[in-house]
Structures are given as C-alpha cells and as structure tokens.
1. Would you say GLU86 is of a type in the set (Asp, Glu) and free of Cβ contacts under 8 Å to residues at least 24 places away in the same chain?
2. Tell me the residue from PRO256, PRO227, PRO186 that is free of Cβ contacts under 8 Å to residues at least 12 places away in the same chain and either farther than 22 Å from ALA66 by Cα or surrounded by 16 or more Cβ atoms within 10 Å (Cβ to Cβ) (or both), please.
3. Provide a single number: the residues in region 259-304 that are in contact (Cβ under 8 Å) with a residue 24 or more places away in the chain and part of a loop (DSSP other than H, G, I, E, B).
4. Checking the condition over 22 Å from VAL15 (Cα atoms) and buried (at least 22 other Cβ atoms within 10 Å of the Cβ), which residue from GLY81, GLY64, GLY58 passes?
5. Looking at region 89-123, which of its residues are part of a helix (DSSP H, G or I) and either free of Cβ contacts under 8 Å to residues at least 60 places away in the same chain or under 19 Å from the mean Cα position of the chain (by Cα) (or both)?
6. Of the residues GLN158, GLN217, only one is over 20 Å from the mean Cα position of the chain (by Cα), in contact (Cβ under 8 Å) with a residue 24 or more places away in the chain and surrounded by 14 or more Cβ atoms within 10 Å (Cβ to Cβ); which?
7. Can you go through PRO238, PRO201 and tell me which one is surrounded by fewer than 13 Cβ atoms within 10 Å (Cβ to Cβ) and part of a loop (DSSP other than H, G, I, E, B)?
Amino acid sequence: MNTENSVSSVQPVPVYWHLPGFCVHFYLFYALIDLMREYPDCFEDGYRIGSVYGTFPGAIWNGGRAVFGSVPEDTMKKILGYFDQEQIPVRFTWTNPLIGEEHLSDPFCNRIMELADNGRNQVLVNSPVLEDYIRRKFPRFPLISSTTKRITDLSGMQAELAGDYTLLVLDYDMNHDETVLRALEPDAGRIEILVDEICFPHCPKRTQHYLDEGRAQLAGDTGSRFPCPNRIGSSIRPSFAECRKRSGFVSREELPGYITRGFVNFKLVGRGLPPALVRDSLLYYLVKDDHRDFIAGKIKQAMT
C-alpha cells in the first residue's frame, strides 16, 4: 500500500491541523477553506483545521516571533468574525516570556481578548504571570502550553499534562524520541506535534532567541534582531524544502504511525516566514498527492 496516497485509510478519528499566522496569511487560509469545502475529495479524509494561531501586529503579549505594525479594530473584527463563522478557533500566541505585572493592563492586548472572547478561541501561554491573569480575567479561553517553554525532559512534560492545559505543544526535538512518545501515549490526544519546524535541531540558542524576540516585541524594536542563520535575508532562505531536511520533520509517510497511536493534533510552522513556505506545507500535508497540482493552481488563482 502506498502511504503517500492513503494516509486517510488509517485514521480512526479526525485529525486536526493548526495553521500559522491567522492575520498575515489570512487570504491564503480563506482560499484554503473555500477549496476544502468545494473540492473535499482532493483533501485527505478526516483532516480538519483545528485552529489558526498567531497574533494581531503590535500586541506586546505576543511571543515566539516578534510581529510589528498595527491593525484597525474593524479589520480585527472581520478576521475574528470569519473564523468564528467557520467554527475554527483563533489561537493567540501570548508567549512572550518577559511579560510581567506591569504589562497586564496593556489596552490593545486586553481589547483583543475582549473581541475574541467567544468560548471557542484559545491562548498559547508561557509567562506564569500572564497565564494567571488570563485565567482570572478571561476564563473562557482554553490555555495551551507552548513549545516556547522548551520542555525537553519527560517529567516536565508530564507535569504540564497534569495541569489545566487543553494541549501541550511538544518540543520539536522530541518528535522522534520513541521513549518520550511511548510514555505520552496515554495523553496522546492532548499532545500537539510541530511537524515541519525550520529551526536547527537541538539549537542551543533557541531559548535566548525567544527572550530576544520578546524584548523586541515589548520595545517595538524593529532594528537590532537576534542573529539567526534561518532569518530571511541570510544565506539560507526559509523554505519548505529546508524544513524537510531537519531531523524533527515528520513526513506524510510517518503520520499514520502517530495517528494510530492517538496523536491527532499537528502544527505547521510559518509565522513570519514566506507565504510560499506555508502554501507548500499545506499542499504537502493536507492535499492528496494526485490533486496537489490542481489545488496549487486554484490557490494561485484565488491569491491573484
């Protein structure tokens, strides 16, 4: 049997995909959702959009990747309204590790939470101070333990799962660690796997990079940025082809091995990365092999 063309044949339950950059890649996702509705036979059976994650530009609570700029409230309402209509959770990346008590009253971030408080939308968390604030002020938001915590020891993962988190996003360095995966199987439905991370395996600078991105977000610093060989403009331009070279990459052929064990939440990288990378990852994971060129053409047509 060719698993490249028959991933859906081993699905006992729906499989959820969590897509990056709900604001910056909005029109790509708009086109994708329309195509999934119009041409369902072109997409893997049982695959669903579990959430769209990211931030509105300029929100200081945002972490992982600094996102600068501004957006009118009317635009925020339209974006939130669209995904609410489609019953797709919007997941905010409130993972800035430098958030302290003095940042909790930020009017823009609080306004975003007020606009998005529909009982479906979600929050990724890292800072204990911000997490506690959200639990108290916005209790309807499910909280998700972020990969930016860089939890790479099994006891730490199990402690997170014992807490009140809807999901734990697994550190990408653990994607193929069979000891970890086997131990987490009883909670497989609450594990989210980042399948196509562009960053280097076991990067010793990753935690410091998150801290620097958090600092830049708080300061609105669009100039001095953390030196990273993956950054756009460097000698290595981020691409889906580069993602596939990383040891943490989970291929289509490998997916059935996760799904049959109960791991059914998968996350795609792409916030702050080229739209082509996000498009290529969507085509690779969600679209059946024989229909990939057709759907690629439809996306191109919709985006022009």
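1. Considered against the rule, which asks whether it is of a type in the set (Asp, Glu) and free of Cβ contacts under 8 Å to residues at least 24 places away in the same chain, GLU86 comes out as no.
2. Working: PRO256 fails: free of Cβ contacts under 8 Å to residues at least 12 places away in the same chain; PRO227 fails: either farther than 22 Å from ALA66 by Cα or surrounded by 16 or more Cβ atoms within 10 Å (Cβ to Cβ) (or both).
On inspection, the qualifying residue turns out to be PRO186.
3. So the answer is 13.
4. From the options GLY81, GLY64, GLY58, the qualifying one is GLY64.
5. GLU101, GLU102, PRO107, PHE108, CYS109, ASN110, ARG111, ILE112, MET113, GLU114, LEU115, ALA116
6. Result of the check over GLN158, GLN217: GLN158.
7. Working: PRO238 fails: surrounded by fewer than 13 Cβ atoms within 10 Å (Cβ to Cβ).
Unique residue meeting the criteria: PRO201.
The rows are residues; the columns are (1) over 30 Å from ILE198 (Cβ atoms); (2) surrounded by fewer than 13 Cβ atoms within 10 Å (Cβ to Cβ).
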position: PRO72; (1), (2): yes, yes
position: GLN87; (1), (2): no, yes
position: TRP94; (1), (2): no, no
position: LEU98; (1), (2): no, no
position: VAL123; (1), (2): no, no
position: SER127; (1), (2): no, no
position: LYS137; (1), (2): yes, no
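The values are calculated or read from the model by the stated rules, or taken from the named source; none is laboratory data. Fair warning: this is a prediction, and the values are worked out from it, not measured in the lab. In this analysis, Cβ positions are derived from the backbone assuming ideal geometry, glycine residues included, and neighbour counts consider all displayed protein chains.
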